[in-house]
1. Quick one: in segment 150-169, which of the residues that are touching a Ser or Thr at 6+ places or on another chain (Cβ under 8 Å) and either part of a strand (DSSP E or B) or open to solvent by less than 30 Å² (accessible area, probe 1.4 Å) (or both) is farthest from Arg129 (Cα to Cα)?
2. Can Arg104 be described as under 25 Å from Trp45 (Cα atoms), open to solvent by 30 Å² or more (accessible area, probe 1.4 Å) and either assigned to a helix (DSSP H, G or I) or at pLDDT 95 or above (or both)?
3. Can you name the residue in segment 187-199 that is over 15 Å from Val46 (Cα atoms) and either in contact with a His (Cβ under 9 Å, 6 or more places away or on another chain) or at pLDDT 95 or above (or both) and is also most open to solvent (accessible area, probe 1.4 Å) among such residues?
4. Pairs only if they're at least six apart or on different chains, beta carbon under 6 angstrom, first in segment 47-72 and farther than 17 Å from Glu112 by Cα, second aromatic (Phe, Trp, Tyr) and outside any helix (DSSP H, G or I); list them, first residue then second.
5. Would you mind finding the one in Ala165, Ala136 that is under 16 Å from the mean Cα position of the chain (by Cα) and within 14 Å of Gly210 (Cα to Cα)?
6. Return yes when Val147 is surrounded by fewer than 21 Cβ atoms within 10 Å (Cβ to Cβ), aliphatic (A, V, I, L, M) and farther than 11 Å from Val87 by Cα and no when it is not.
7. Determine, yes or no, whether Pro181 is surrounded by fewer than 13 Cβ atoms within 10 Å (Cβ to Cβ), more than 17 Å from Ser135 (Cα to Cα) and at pLDDT below 90.
8. Of the residues Arg26, Arg64, Arg47, Arg58, which is under 14 Å from Thr91 (Cα atoms) and among the charged types (D, E, K, R)?
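The values are calculated or read from the model by the stated rules, or taken from the named source; none is laboratory data. Quantities reported herein were computed from a predicted structural model and do not represent experimental measurements. FYI the Cβ positions are ideal-geometry reconstructions off the backbone, even for glycines, and counts take in every protein chain you see. Quick note on the areas: whole protein, heavy atoms, side chains included, nothing else; ligands and nucleic acids left out. Shrake-Rupley method; radii C 1.70, N 1.55, O 1.52, S 1.80 Å.
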Amino acid sequence: MSDHGGWTAHGDLALTADGLLLRPWREEDVPELLRAYDDPLMRQWVRRPVDTPEEAARWLESQRAGWASGTRFGFAVTDPGRAGELVGNLTLKRPGPGAERAERAERAERAEVGYWTAAWARGRGVAPRALEALSAWAFTTFAEQGVKRLELLHQLDNVASCRVAEKCGYPLARVIPALPPDYPLDGHVHVREAPAAVTRPAGRRGGAAGTGGGRASGR
């Protein structure tokens with residue numbers, strides 16, 4: 001990680017997750033990204049659908065910008081046992097530098113996780129395996145920066161995300177009210193606390209329907 005909080009190089013960063021591989025998104029992922037978003041269930045939860053190659057290019061650019069700023073870390077979830085098939089997306093979001101000092105210090109203690117699973121990979125336990133790996137990576141990587149808890153948000157009727165959260169050690173912490181039109185229903189906030197003691201890994205590799213972050217959103 002660079003001195004200003006961004007990541008100067010991340011192309012070789014990868015996390016293993018019980019048969020899955022999490023890596024940064026690439027240009028060659030565009031066809032499968034468009035295929036993943038061309039799914040009615042996915043569209044039920046996402047706020048910003050990706051319908052065209054141009055929108056996919058902008059989506060990928062936002063992933064790169066997030067890594068560069070150190071505020072959003074997006075991972076393509078792939079299955080090496082199926083020729084590297086794309087099966088999902090995992091994201092870790094951290095606060096940017098715009099808040100006041102006191103607010104920023106409080107916000108620095110937490111980060112937000114979000115995910116989605118491609119339609120063709122549902123039922124294979126992708127989300128729990130990938131989320132567990134991302135959670136472990138987040139706590140070890142950002143321990144020195146004070147991250148003490150991870151939050152997972154989803155809309156009230158996203159029952160599958162509730163199950164994934166509970167399975168991965170994210171119990172329900174609170175309910176937040178709806179905020180139409182973007183958030184028409186109440187939302188759940190699940191929280192996972194950091195382990196009592198966390199050590200930084202020696203290397204870059206870590207072991208180890210959806211929510212993609214935002215206020216109780218499906219994206």
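1. First pass over segment 150-169, keeping only residues touching a Ser or Thr at 6+ places or on another chain (Cβ under 8 Å): 150, 152-155, 158, 161, 168-169.
Narrowing further to those that are either part of a strand (DSSP E or B) or open to solvent by less than 30 Å² (accessible area, probe 1.4 Å) (or both): 150, 152-155, 158, 161, 168.
Values: Leu150: 16, Leu152: 15, Leu153: 18, His154: 18, Gln155: 21, Asn158: 19, Ser161: 13, Cys168: 8 Å.
Looking at the filtered set, the residue picked out is Gln155.
2. Numbers: under 25 Å from Trp45 (Cα atoms): no; open to solvent by 30 Å² or more (accessible area, probe 1.4 Å): yes; either assigned to a helix (DSSP H, G or I) or at pLDDT 95 or above (or both): yes.
Here the answer is no, as Arg104 does not meet what is asked.
3. Glu193
4. Final answer for the pair search is Leu60/Trp25.
5. Details: Ala136 fails: within 14 Å of Gly210 (Cα to Cα).
Selected residue: Ala165, the only one of Ala165, Ala136 that is under 16 Å from the mean Cα position of the chain (by Cα) and within 14 Å of Gly210 (Cα to Cα).
6. On the way: surrounded by fewer than 21 Cβ atoms within 10 Å (Cβ to Cβ): yes; aliphatic (A, V, I, L, M): yes; farther than 11 Å from Val87 by Cα: yes.
It is true that Val147 is surrounded by fewer than 21 Cβ atoms within 10 Å (Cβ to Cβ), aliphatic (A, V, I, L, M) and farther than 11 Å from Val87 by Cα.
7. Values: surrounded by fewer than 13 Cβ atoms within 10 Å (Cβ to Cβ): yes; more than 17 Å from Ser135 (Cα to Cα): yes; at pLDDT below 90: yes.
Yes; evaluated as a whole, the condition is true for this residue.
8. Values: Arg26 fails: under 14 Å from Thr91 (Cα atoms); Arg47 fails: under 14 Å from Thr91 (Cα atoms); Arg58 fails: under 14 Å from Thr91 (Cα atoms).
That would be Arg64, the only listed residue that is under 14 Å from Thr91 (Cα atoms) and among the charged types (D, E, K, R).
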